[in-house]
1. With only alpha-carbon atoms counted, please give the Rg and Dmax of region C:644-757, in Å.
2. Between residue C:57 and residue A:208, what is the spin-label point distance in nm, taking each point 7 Å from the Cα along the Cα→C-beta axis?
3. Sorted from fewest to most neighbouring beta carbons within 10 Å, what does the list A:201, A:13 look like?
4. Can you work out the FRET efficiency for the pair residue C:600 and residue C:5, with r the C-beta to C-beta distance and R0 = 30 Å, to the nearest 0.05?
5. Can you tell me the Rg and the Dmax, both Å, for the Cα atoms in the protein assembly as shown?
6. Could you tell me which of the pairs C:47/C:260; B:114/B:150; C:47/C:146; C:281/C:454 are separated by over 25 angstrom between their Cα atoms in the structure shown?
7. I need the phi-derived Karplus couplings for region C:46-60: 6.51 cos²θ - 1.76 cosθ + 1.60, θ = phi - 60°, integer Hz, Gly and Pro marked x.
8. What spacing in nm lies between the two simple spin-label points modelled at residue B:155 and residue C:547, each 7 Å away from Cα in the Cβ direction?
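Nothing in this text is a laboratory measurement; each read-out follows from the coordinates by a stated rule. Bear in mind the structure is a predicted one, so any value in this text is a computation, not a measurement. Every residue, glycine among them, receives a Cβ derived from its backbone with ideal geometry; neighbour counts consider all protein chains shown.
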Amino acid sequence: MKIKKAFNPHTIREALEILEEHMKQKVKIIAGGTDVMVFLHEKKLDVDYLLDISEIKDLDHVREDENHLIIGPLLTHKGIMENQLIKKYAPILIEGSAKVGSPQIRNRATIGGNVCTGSPAGDTLPPIAVHNARFTLTSKTEERSVEFKDFFTGPQKTIIKPNELLTKITIDKCFSDEKFFFHFLGMRKALSVTKVSMAARCKILDGAVEKLCIALGSVAPVVLRAKETENELIGRKIETETIEQAVKRIRNEVSPIDDIRSTGSYRKYIVGVLMKRFLDRVKK
Amino acid sequence: MVNGKHVALKVPPDRRLVDIIREDLRLTGTKVGCGEGECGACTVIMDGLTINSCLVPACQLDGKSIITIEGLSGSGKMDFIKEAFIQEGAVQCGYCIPGMVISSYQIIEDNRNKSSVLTEEEIRQGLSGNLCRCTGYVKIIKAVKKAEAKMRGVALPDENKKSI
Amino acid sequence: MIVGESIPRCDANEKITGEAKYIDDINFPDQLLGKVIRSPHSCARIKSILKDESFNWASVVTFTAEEIPGENVFNNFNMDVPFLPKDGRVNYVGEPVMLIAGKDYETICSAIRHLKIEYDVIESSLTMEEALNVKNLIYGNDNILKKYEIHKGDIENGFKNANQIIEGEYRTHHQEHAYIEPQGIIAVPDKDGNGITIYGYLQCPYYIRLETLKLFKFPPEKIRVIQNTTGGGFGGKEHFPSIVAAHAALLSLKAKQPVKMIYERDEDIESSTKRHPSLVKLKTGVDKDGRIVAMDVDITFDGGAYSMATPVVLARGTIAGCGAYNCPDVRIMTRSVATNTVPTSAFRGFGAPQVFFAIELHMTKVAEAVGLDPYAFRILNLLKEGDITATGQLLRNSVGIGRCIEEVKRKTDFVETYIKCRKQSRELIKRRGIGISAVFHGAGFTGKGEDKIKAKAGIEISPDGSAKILCGTTEMGQGMRTILPQIVAEALEIPVANVKVERTDTNLVPDSGPTVASRTTMIVGKVLKDLCQDILMELKSALMSSFNISVDEIEYKDGVFYYKDAKLADYNDAVSYYKDLRKCMSFYGQYSHPPYIKWDEEKFEGDAYAGYGWAAAVAEVEVDMETFEVEVLRLVTAQDMGKAINPVLVEGQIEGGTAQAYGYCILEEMKLKEGRILNNNLTTYIIPTSLDVPAIETSIIEENYPYGPYGAKGIGEMPHVVPGGAIASAVRQAVGVDIDEIPITPEKIFKAVNPVQ
């Protein structure tokens, strides 16, 4: 029950050494603490050691290459909201971060935390999903890159191994001719957990959909890419009829549940509404 | 550093900052309302940013600079906010108020070098992590406007004066 | 005039700087922490409590029901509430099972892990319907905690005269007080073990004495209650702290050490009392001109597992049954039932918000049925001076409802906006709606309550002329410690800075009755004001003796006593003369009701309240017809509380109450599953943030009440009573479908509109 010790590594290497060494014990990685401290408070976590990674250098930067942004997992939501590269190449991520908790939470909570907590209601997850996020997991001996769709295995469950650390979040840059969409329905306007959220990107070529990504939050055990709907729309022109079909299709693609925040039937319905709003915007 | 003074303490790694402030340092102006970063009663400033002190464990505090309501009030830096809160009647039960004042101070401070004063929307956004159950926020928002205007030495428009 | 002036509240500075001491800010040497072990079942009998011997039980103090020195009963109302299970029976999830204290929470938690409590689970009644059908027996022989009937005129005949009859059924659910400071008490035992001092967060120090009266073997005066700065009450600290205090006291007497008991938020939400859920059935007859001729009202409240303040909450709900309308033939039948859920009790508005939400939404529909706009319908039917209420009370004076409704109508162009909203296209995605409501709220206790309590208060005059108010009512944020000095300063014509309020400590202050029912200003303020007249008379008689003149010839004006226009002495001189003559400088007074008040408790007939506050509100909303999210654009309210002693503090009450009512109508939905509260924290029990609360515009209407201090009535609760009907009516107009239940969530509108079929 009682936490024996906390480690405060200053480099990734040190952190990985510690993880490797304590593979058999319960080590909880903590960064902004806005989830971990709540879990500890609610006694939902049984932990022997805390590994505080917040002092690790250079994990809170955003870098770019030709087609990607590489985001350090320690970047806070406040940092995201103020970052010029993200503003230019992933504006809906800023919208997602703006929905996180409150100013106090956004000052501390990190994007890496949002990813590793792995909640289907994670505010930044649908935006990075439509940017084809890949996660770099590093252990003392290996480094692997995992795609978004393979990363989350259930509510608050990910494929991260006990000796691994999330060291990079790589997302595709988007370009100015794309259309974006992010919409969030919560229980209130701040300090709110998602009822349903949707992020989408679309590129139109010669009047038809060339590229399309849609991701949905809080309608399944994990953040969901609406693949069937995406496939159905690719190559088609966005007309009233297409929109109606897409709305039906995406509703059939989800089977959300009733919970403390909303009802399954409302969520299913809303997914269609958001689809319509997105395509209406594309049509314009 | 807490309120400008060096503090060295031996505490368990997961001890919450709020418990260190309230119990170890006996600075009880910082309050606990929920323990989950929701109510904002435990708001303090850490390295220039407002944070919920119930969500920061001791193991992350080495070398950090913390300002609590006692520090802010003792420094005289928030006198203009205090005056505005008193004059506008922004305080009722008072339990959320130290946290609310800290958030108010920080948004005014962060806006200091901008050309225009905070809009009502920006104030509402800036205080959205501090729950108040007494006031409906009306007079708190007015007080923040008034405080910022006073700090900048500008006159507030004489808005919606009572008609009767 | 200091009365009517918005002087800053006296405790603002210490609250802002963090110096104010709330209960969790103080500690005693050798103090233990206390915790309550609670039932996980909604209905069960405790079979056994087994202590694992591997744990060092000497490191903690435990306490079970059998160890209670006196009687295990909360000494108030139906006398049915136990402090710990009676005969091992528990009736709701979260009910106290046993108590434990230890030096820290770690020790306590470790002890709890070594406890095994076995239960025989009993079938439970979780809804009002189940309880009324007596699925299992919780209270008496029919689960009815209390019922009332009001009959006025001849209801059968009334409906015969009706041109149209409109019926409706309305539902409301639990509401959590969500004071930001959780419940907390410290109990410190007397050295000899024959008494206890209770420190805490509470509204009613003398209630703690009364309600724990039978629990201990010592007399009530051995229970000393001291109030700390209190972080919000709203009714949640009216009766419930007596239970927390009893638990802390029992543990501390056994441990012979102080015991501090501070609730965590989840424990607070799961176990503290809530607002009563309700089902209100209304049947209204109207004549061809749109006049209400008959009202048949049937109200059921869910009282939860024990009665707590249910009988008096239901009384207020009952009296609100006919709304603020003039109706000749009325029948109101009400009852509160016991269910296996957390007990419901006092909450700002006290049964009235539920009923007025129903009535005001219903009357919007009635107006529509008779072809009048909701404002015109109300103007035709609202009570006015000289009318007779449902309980047969003649409204003699101070009926400000007409002015209130005019004010909100004017500020919002209500009728024009209403018509504009009616003409909106059904195709619009964002549809607007506007709603209006009008209510009353009786100030002070219902019926003979104030007569029974006979509130006492005192004033102590210092030799330097300053005054100290001695009263047992409390400051919990509403401003009592600022307002009462304003009244005394005005009456004695001395500077308000020279008037202080004694610390709230039962050893120092008399019983002024509880700090509830919007009564402090009107009742305690009145006692103090009258007392000031007595004090001035005493001072005059001291001058009479000193100067050998007749009292009648002395006049007091602007702080100076005159004899035939010649200055005799100023106030301070007079105090000196008085002090020389008499040693005692403390004065006490007692409240008496206006002489005309008649109340028949059996028939529930007569003058229900000596004075009423009146209020009206208009809500303007916009509903997204695709997502069904409701945006309240504006809440405009005008409220008549008689004289506003301190207008800024009055506005504060109105704004805060309006925000709570907004939460009640739109956001706050308590979710229970098999009697367990699922949203037991502030992350999932959603109260409004600064971004949610709509623009609130407030007008103060002063229709002075002749028996109140300077014309003041009460204001505390009314702001929570009035918005519901206006918001629900506005949403109804926007959506075009009936939603007869609050909170109005997008999910409920979705279900009602059913856009996908």
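1. Rg then Dmax for region C:644-757, in Å: 17.7, 60.
2. Distance between label points: 8.0 nm.
3. Values: A:201 23, A:13 12.
Going from least to most buried by this count: A:13, A:201.
4. Working: r = 41 Å, r/R0 = 1.38.
The value I calculate is 0.15.
5. 31.2, 109
6. Values: C:47/C:260 29 Å; B:114/B:150 15 Å; C:47/C:146 31 Å; C:281/C:454 36 Å.
From C:47/C:260; B:114/B:150; C:47/C:146; C:281/C:454, over 25 Å: C:47/C:260; C:47/C:146; C:281/C:454.
7. 6, 8, 7, 10, 10, 9, 5, 6, 6, 8, 7, 5, 5, 7, 9
8. 4.9
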